[in-house]
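**Student:** Take this structure, written in structure tokens, and hold onto it; I'll ask about it next.
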Amino acid sequence: MTKRLSSKHKIDRRLGLNLWGRPKSPFNRRPYGPGQHGQARRRKPSDFGVQLAAKQKLKKYYGDITEKQFLKIYQAASRKKR
């Protein structure tokens, strides 16, 4: 895993949810994204957009891992029996 370079609060607001469950997360106060265009109305995401957002949530939660690391973890998890 790599070192997290941006703050957790910015990641929370960018993803649109309180990812780590912190009570003082600014997402609890401002339910919109950061920056100048954060308050603009959001469109309904496509199927690809929903899958990409889920993947980005996992990658950000585990320290912004690289695509190669993520692929290896996914393949190891899919090989295991449930």
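Every number in this text was worked out from the coordinates using simple rules, so none of it is lab data. Just so you know, these numbers come straight off a predicted model, no measurement behind them. With ideal geometry, Cβ positions are generated from the backbone for all residues, glycine too; neighbour counts draw on all protein chains shown.
**Student:** Just to confirm the filter: which chymotrypsin sites (Phe, Trp or Tyr not before Pro) across the chain are DSSP coil and have at most 15 other Cβ within 10 angstrom of their Cβ? Don't skip to the end; give the middle numbers.
**Tutor:** Values: sites: TRP20, PHE27, TYR32, PHE48, TYR61, TYR62, PHE70, TYR74; in loops: TRP20, TYR32, TYR62.
Here the sparse-neighbourhood loop sites are TRP20, TYR32, TYR62.
**Student:** Rounded to the nearest 10 degrees, what's the angle between the helix 67-79 long axis and the longest principal axis of the chain, both from Cα atoms, 0 to 90?
**Tutor:** That works out to roughly 60 degrees.
**Student:** Considering the values (1) 0.96; (2) 1.02; (3) 1.39, which represents Rg/Rh (Cα atoms, Kirkwood Rh) as calculated for the structure under consideration?
**Tutor:** (2)
**Student:** Would you look at the GNM of the chain, springs on alpha carbons closer than 10 Å, and say which of LEU19, LEU71, LEU52 moves the most?
**Tutor:** LEU71
**Student:** Past the 23 Å Cα-Cα mark, which pairs from LYS59/LYS80; LYS60/LYS81; LYS10/LYS55; LYS8/LYS57?
**Tutor:** Working: LYS59/LYS80 20 Å; LYS60/LYS81 26 Å; LYS10/LYS55 17 Å; LYS8/LYS57 12 Å.
Result: LYS60/LYS81 exceed 23 Å.
**Student:** Further question on the same structure: What is the helix-to-structure angle for 47-61, meaning the angle in degrees between its Cα long axis and the longest Cα principal axis of the chain, kept from 0 to 90 and rounded to the nearest 10?
**Tutor:** Roughly 80 degrees between the two axes.
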